[in-house]
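The values are calculated or read from the model by the stated rules, or taken from the named source; none is laboratory data. Every value quoted in this text rests on a predicted model; they were computed, and no experiment measured them. No Cβ is skipped: glycine too gets one built from the backbone with ideal geometry, and neighbour counts run over all protein chains shown. Heads up: the accessible areas ignore ligands, DNA and RNA and are worked out on the full protein's heavy atoms, side chains in. Shrake-Rupley method; radii C 1.70, N 1.55, O 1.52, S 1.80 Å.
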Amino acid sequence: MADLHRLPNLAALRAFEAAARHENFSRAAEEIHVTHGAVSHQVRGLEEELGVQLFTRKGKRIAVTDEGQRFAAIVRKSLMDIAVAAAALKASAGQKRLTITAMPSLAARWLAPRLGNFIDLYPDIEVVLQSSGQVVDLERQAIDVGIRFGSGNYPGLTVEKLMDDYYYPAASPRLNGGELPATAQDLGRFHLLRGDDEPWLPWLRAAGSALAEPSGGIVYHDLAMLLRAAAHGDGIALARHVIVMQEICSGELVRLFDVAVKCPFSYYFVCTPQALLRPEVRAFHDWLFAQVRQFDTVCGWPQMSERLYQHEYRQRG
C-alpha cells in the first residue's frame, strides 16, 4: 500500500502535468504563473525522486516519454478530482465564485467598466476576470465563462452569439492641427497605425481607396495601446467600434468618414453545458446580454459598407 506521507510535491506534479500537456516548459510556466526555470527544476526534481525519465530533451525541444504519458494521465485525473471536490465544498458552503475569461481589449475596455453593476446586483458572487488572447480550455482551467472573438465554432461548448463589431478609422481631433483627411485617399498623407492581424486593406477597398496596405513602423498587438497612440496624435488608427467607444464618447478620438466594415468574426458567450446550469453562470449570462442590448440602444452600430473585402483573419480567444 502506498504511503501518503511519501507523495511527490504537489507543485512539482502540477508543473509536470502542464508541461506534459503542452510539451513545452514555457507554456506550462505561463499557465501556472511561474518561470520557465521553475518548471524545469520541478520536473527534474520529480524525475530524480521517481527514478524515471519523464521527458526526452533535444536542445530546447521536449517530448513526453511513454512512462511520462501514463503518469501524466493519472496526475491529471487526480488534480481534476481535487478541483471538483474543492468546487463542491465551496458550493455547499454558499461561496459562489464566477471566473470569466475574455480578450484583453474587450475585458479592459468594455466588460470591466460594467462589472460593477453586476456585483451590485449579485453581491454574494465573487467575480474573477482573466484576460487572454489565447483560446483556453474552460473545463481544464476551471473557467466558468468565456467571451470569445471568432467564428462561433467551439465544439463541446454552449455557444451564443453576443454581438458583432465593425472597423472604421479614428483619430485625435488635434491631429495635424485639426486638419483631418477629407477623403479616404487623403489617408495616404498620414501615418496609419496598425493592429496585429487587423489590416487596413478591407476598409480601404470598401471606401474606394486604391492605397496599399501600410507597412513599417509599430504593429500593436494590444488594441488599447493602438488607441492610446492615436489619442496621443501618433497617427490614425483602424478602430473596432466596441473597443473605441470610450475615446469616441470622451472626445479623445473622432470617427473619420461614414464607411464601416463588418468584422469577419463576432463576440460569443461560451461555457460548458454543465456550467450553464449553475445559478451564478445563468445570472451572468442574462446580465451580459442585457448589457449588450443597452449598449446597442445607447451607442448604436455604425453604418456598414456593403462592399466587403475578403482577407484571411485568425480566430481570437
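Considering only segment 258-271, state which residues are surrounded by fewer than 18 Cβ atoms within 10 Å (Cβ to Cβ) and touching a helix residue (DSSP H, G or I) at 6+ places or on another chain (Cβ under 9 Å). Write out each step before concluding.
Step one: of segment 258-271, the residues surrounded by fewer than 18 Cβ atoms within 10 Å (Cβ to Cβ) are 258, 264-266.
Across segment 258-271, the qualifying residue is only PRO264.
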Conditions (1) in contact with a helix residue (DSSP H, G or I) (Cβ under 7 Å, 6 or more places away or on another chain); (2) open to solvent by 40 Å² or more (accessible area, probe 1.4 Å); (3) touching a residue at least 40 places away in the same chain (Cβ under 8 Å): number failed by LEU238: (2)
Matching residues, segment 144-161, being charged (D, E, K, R) and assigned to a loop (DSSP other than H, G, I, E, B): ASP144
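This table checks each residue for (1) open to solvent by less than 60 Å² (accessible area, probe 1.4 Å); (2) at pLDDT below 90.
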residue	(1), (2)
ALA28	yes, yes
GLY37	yes, yes
LEU50	no, no
LYS60	no, yes
ALA107	yes, no
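Okay, residues lined up against (1) among the small types (Gly, Ala, Ser); (2) part of a helix (DSSP H, G or I); (3) at pLDDT 95 or above:
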residue	(1), (2), (3)
VAL259	no, no, no
PRO264	no, no, no
PHE269	no, no, yes
PRO273	no, no, no
LEU276	no, yes, no
PHE284	no, yes, yes
GLN291	no, yes, no
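Residues of segment 1-14 being without any contact (Cβ under 8 Å) to a residue 24 or more places away in the chain and not in a helix (DSSP H, G or I), which ones? Give the derivation first.
Keep residues of segment 1-14 that are without any contact (Cβ under 8 Å) to a residue 24 or more places away in the chain, which gives 1-7, 10.
Within segment 1-14, MET1, ALA2, ASP3, LEU7 qualify.
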Every residue from segment 48-79 that is polar (S, T, N, Q) and touching a strand residue (DSSP E or B) at 6+ places or on another chain (Cβ under 7 Å): THR56, THR65
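Scan segment 82-101 and give yes if some residue there is closer than 30 Å to MET163 by Cα, of a type in the set (A, V, I, L, M) and surrounded by 14 or more Cβ atoms within 10 Å (Cβ to Cβ), otherwise no.
Taking segment 82-101 first, the residues closer than 30 Å to MET163 by Cα are 96-101.
Cutting the leftovers down to of a type in the set (A, V, I, L, M) gives us 98, 100.
Retained after the next criterion (residues that are surrounded by 14 or more Cβ atoms within 10 Å (Cβ to Cβ)): 98, 100.
Yes, there is a match, as at least one residue in segment 82-101 is closer than 30 Å to MET163 by Cα, of a type in the set (A, V, I, L, M) and surrounded by 14 or more Cβ atoms within 10 Å (Cβ to Cβ).
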Tabulated pairs, segment 196-219, first open to solvent by 20 Å² or more (accessible area, probe 1.4 Å), second outside any helix (DSSP H, G or I) and of a type in the set (Phe, Trp, Tyr), C-beta under 6 angstrom, 6+ apart or interchain: ARG205/TYR309; GLU213/TRP200; PRO214/TRP200
Whichever residue in segment 109-139 is of a type in the set (D, E, K, R) and at pLDDT below 85 and, among such residues, is surrounded by the fewest Cβ atoms within 10 Å (Cβ to Cβ): ASP137
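Determine if segment 175-190 includes at least one residue that is under 18 Å from PRO104 (Cα atoms) and free of Cβ contacts under 8 Å to residues at least 12 places away in the same chain. Steps first, answer last, please.
Looking only at segment 175-190, we keep the residues that are under 18 Å from PRO104 (Cα atoms), and these are none.
No: zero hits.
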